[in-house]
Amino acid sequence: MSSPFISLALIMAVAAAAPYVASLIPGRAVPEVVFLVFAGALLGPHMAGLIDTASTAIDLVSDLGMAFLFLNAGYEINPRDLGGRYGLHAIAAWAVSLLVALGITSLFMAERFPGQAGIAFSICLTTTAFGTLAPILRDRHLMGTPVGKAVSVYGAYGELAPILAMALLLSTRSTRATIATLVVFVVVCLAILAFPNIFPRFRKRVGAYLKENAWNGSRPLLRISILLMVVLVALCKVLDLEAVLGAFIAGFILGAFAPENHELEEKLGDVGNGFLTPAYFIISGADISLSAAFQDLGLLVGFIVLLVLVRGIVVAVSLHVNPETRPLHKREKYAVSAYCTMALPLIVAVTDSAVESGAMGTQTASVLVCAGAITVLLIPLATSFVRIGAEAKADQLVVELASEKKPFQEVWEQHRALLHEDQERFEAAVKEQREHGHKLDSFEYLVTGARPPRRQDEAAPAGDGQEL
């Protein structure tokens, strides 16, 4: 058996185990991507050396996984939500974040990150991992809710704007040449969008064929979707642009051609989430040197703190200023700001670009990628604590443990049972509200008490029904 298949077997073993491991944590507070990244780091060349990231085949699997991650992220976003006042506030928030990041880097970190390295570091501070966020939002029933919409809009600009900034600010070519290549890319994308209207007879024939045969054994609609992604990624490679740009825009275009096609979304998810995307996270993690990352704790912790200041707080202020998000409950604003601070895939892309150009060392890149992975661990925990901690009556748990009136195991089991009971009621409330055409999110569930009635034989835990 060849070495790439051995590495791939280990990668898929981790990918298969990660969802189960994540399910063991109450409320799925830690997303499986955390286990994927850190398992990759443990199995990678810097630790066990069992995954060969230098293999061309493994590198191709990683690139395809990245492409599917951003394709699905682009397809998740409704382009109509990105316009208007909502979109203006989101893009303005990102621009302010970039200016603040550039200012902090030039004033306090110029020696550590000079020139192009400083620009790359600043761009990393403005990113939002929406591709990683989307499955978390789905698991937590936030898609289509006010929180989901806010995260989608601010997160979309938190991915798209840094990609464009990478093309403009990190390019080794002149600004004029970079703009010219971007114009060529935009023209090709517009031509793809206009193609069906230019050839209406062709559109009619292909449309009729796809309507009848979209999901037969050949899956032609899925093949066309993947073709679109590969063509735009290949175009980016030819034009020396970031491949993530092609994959992300392919998702947008696909959304224009097949809006809200849930079956297509499911099939793309099968290919991406079932194989390529988890492999991408594991392979990306394999490039992390944990020893180098934790030897530079100042940069590791400092980068996470700066992410909160530069991205999280700016988004929080924007949510308060934006008339469309101002009515959100404080828990919802907190959640949106926290989710927008999650950063990983684009940090990998930005640091890879900086390392390839010689602007940044591999050890520094490892620290930043590791910090990004830690945000994917901490942010879901911090946001789930708002609901899960309340459901499990965490304050009472601490008091009861401190009083030592009951054995630790008994107290723990009682409060864990409260969590599972309330989680079941939350799932039932989501289902009931969906039947009435309303999407209920966990924050609204807490604030309004929109819960189905308890069974008569079910005792209500103390404090239930109070606003938290």
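What the table shows:
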read-out	value
Rel. contact order, % - alpha carbon contacts under 8 angstrom, at least six apart, the range 134-251	21
Rh (Kirkwood; distinct C-alpha pairs) - the range 159-277, Å	15.7
Mean Cβ neighbour count within 10 Å, used as a protection proxy, ranking 248-255, 95-102 highest first	248-255, 95-102
Accessible surface, 1.4 Å probe, highest first, among residues ILE77, ILE119, ILE179	ILE179, ILE119, ILE77
Compactness of the range 34-141 as Cα Rg over 2.2 N^0.38 Å, two decimals	1.39
Sorted peptide list for 368-378, 8-18, criterion being average Cβ within 10 angstrom, highest first	368-378, 8-18
Mean Cα-pair separation over length for the range 255-390, i.e. relative contact order, pairs under 8 Å, 6 or more apart, %	31
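The values are calculated or read from the model by the stated rules, or taken from the named source; none is laboratory data. Keep in mind that this is a model prediction, so the values were computed, not measured. Glycine also receives a Cβ, built like all others from the backbone with ideal geometry; neighbour counts cover every protein chain displayed. In case anyone asks, the SASA skips ligands and DNA or RNA and just uses the protein heavy atoms, side chains included. Shrake-Rupley method; radii C 1.70, N 1.55, O 1.52, S 1.80 Å.
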